[in-house]
Each structure stands twice: as C-alpha cells, then as structure tokens.
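Data block below; observations after.
What follows draws every value from the coordinates through simple rules; no lab data is involved. Keep in mind that what you see is a predicted model, and the values were worked out from it rather than measured. Cβ atoms come from the backbone with ideal geometry, glycine included; neighbour counts cover every protein chain shown.
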Amino acid sequence: MRLQGKISEWNDARGFGFVQPNGGGERCFVHIRAFAARDRRPVLGDVITYDVQADAQGRRNAVAVRFALARDGGRPAARTAVRGAGPDRLPRTAIALVFLAGLIAVAMWQHWPTWVPGAYLGLSVVTFAWYWYDKSAAQNDRQRTPESTLQGLALLGGWPGALMAQAMLRHKNRKAAFQQVFWAAVVINIVALGGLIRDGRFFG
C-alpha cells in the first residue's frame, strides 16, 4: 500500500533522511536515489508519497518516492510548468564578458598592474569550475559545495565566472534566495574595486 508522509529529518549534504507517515506509525529511511524525479532536492517538511521496502537488516526504507506537494503548496506538475516557463532572460554571459573586457582595456589604458584583470580572470575560472563540480554533484548524488563557498568566490572577484556558469550550466540561476545574496556580493565587489581605484592604493 502506498503511503504519504512528511520528511522529518533531512541531511542534504549526504542525501538522506527520514519520513514520518501521516497518521502516525514507524518512520522510514529515505535516500535521494529513491526519488523517481530529480527536478529538485528534498527539504525538511516536504510531503511525499512512497512505498515501503525492507532491506537485508529488516529496516524500513522508502522507495519509489514522489513529491506529493510542491514547496508552494501546489501540485508538482503545476510548479514544474511555472518554474520552467521561458528562458533566463538576463544576459549573464554578456555582462561577464563586457566587464572582463572592459577591465582589461582600462587596465592597459591606465597602466594598472596586470594582476588586477588577472585576478578577476583567474577567480572566474576557479568559480566556474566550482559551479561545474556542484552541478555534477547534484546530478550524481555526491556531496555538494556549500553555497557560502560559491558566494565567497563571487565576492572575491569570481562573479563573472559565476555568471557564465549560471548561464551555461543552468545552475543556481533561478534560485531566488541564492540570487539575492549573489547580486549583493557583486555590488560589494564592484564598490570595493571602485574604492581602490579612487584611493589609488594599488593603481598609482
């Protein structure tokens, strides 16, 4: 008999947790690989439907798991349709390339130290690589990269690489909370760069 319950514990880094059936009863172990669809990661409190299967040690495991409700309370199909509607209209790659090209051009014109554009280029490559690794980890149930790491790299100057990764890999580009922190990091980085230019501390 198929059951419905709520995820009562969830460790996203390790990809497993426990589901408590509605109406009471023994909770079941649930692993990310048991979800029939991988359109999003489970979170604490998600309502799911599942079958129960005992492992070799007799422990109850949830299998053939499906989301019963979307995070906004609607049906999953409706949520998927809204989430996937339309392309990402923000020209992320263009913004990144224009900034990097402009930084290189101005550095050459103003005779800035070559480490300025070099640092942005290097950090962008590193940041793109971390996004690629995190995307791969999400698809293959490996340990994820903390969002604080991705945001920290953007703050240090890797945000052009992050923009290109978000556009090319379609990763973290539609998560509203992540994007709010990301763009705040971009603004802080640009303001800091402007302050260094104004003071002439490294550009004299």
Once you place label points 7 Å from the Cα toward the Cβ at SER148 and LEU44, how far apart are they in nm?
1.6
Search the structure for amide H atoms under 5 Å from the amide H of GLU9, placed 1.01 Å from N in the peptide plane, and list their residues when 5 or more places away or on another chain.
PHE18
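Using 0.36 nm per residue, how much length does the chain from VAL187 to VAL126 gain when fully extended, once their Cα-Cα distance is taken away? If you can, show how the numbers build up before the last one.
Numbers: separation 61, 0.36 × 61 = 21.96 nm, distance 1.98 nm.
Stretched out fully, the VAL187 to VAL126 stretch lengthens by 20.0 nm.
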For the chain, what does the relative contact order come out to in percent, with C-alpha contacts under 8 Å and a separation of six or more?
15
Of the peptides 153-161, 111-119, 5-13, how do they stack up when ordered by the mean number of other Cβ atoms within 10 Å, highest first?
153-161, 5-13, 111-119
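Based on the Cα coordinates of the chain, what is the per residue volume of their convex hull in Å³?
Once divided by residue count, the hull of the chain is 130 Å³.
Counting helices only, and only those DSSP H runs with n ≥ 4, report the 222 nm mean residue ellipticity of the chain as the sum of -39,500 (n - 2.57) divided by its residues, in deg cm²/dmol to the nearest 500.
-15000 deg cm²/dmol
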Taking the Cα centre as origin and putting +1 on Lys and Arg beta-carbons and -1 on Asp and Glu beta-carbons, what dipole magnitude results for the chain, to the nearest 20 debye?
440
For the chain, the helices passing both cut-offs (Cα extent along own axis of 24 Å or more, Kyte-Doolittle mean at least 0.0, full DSSP H runs) are 92-110, 115-139, 176-199
Give the cross-link partners of LYS172 among the aspartates and glutamates, using a straight C-alpha distance below 19 Å as the criterion and excluding same-chain residues fewer than 8 apart.
ASP12, ASP39, ASP72, ASP88, ASP134, ASP141, GLU147
May I ask for the net charge around ASP134, where only other residues with Cβ less than 10 Å from the Cβ of ASP134 are counted and Lys, Arg are +1 while Asp, Glu are -1?
+3
Residue-span extension gain [GLN179 to PHE29] - 0.36 nm each, minus C-alpha spacing:
50.8 nm
Please state, to two decimals, what the Cα-based radius of gyration of the stretch 92-199 comes to when divided by 2.2 N^0.38 Å (N = residues).
1.10
Provide the percentage of antiparallel DSSP beta bridges, counting only those with both residues in the chain; round to the nearest 5.
90
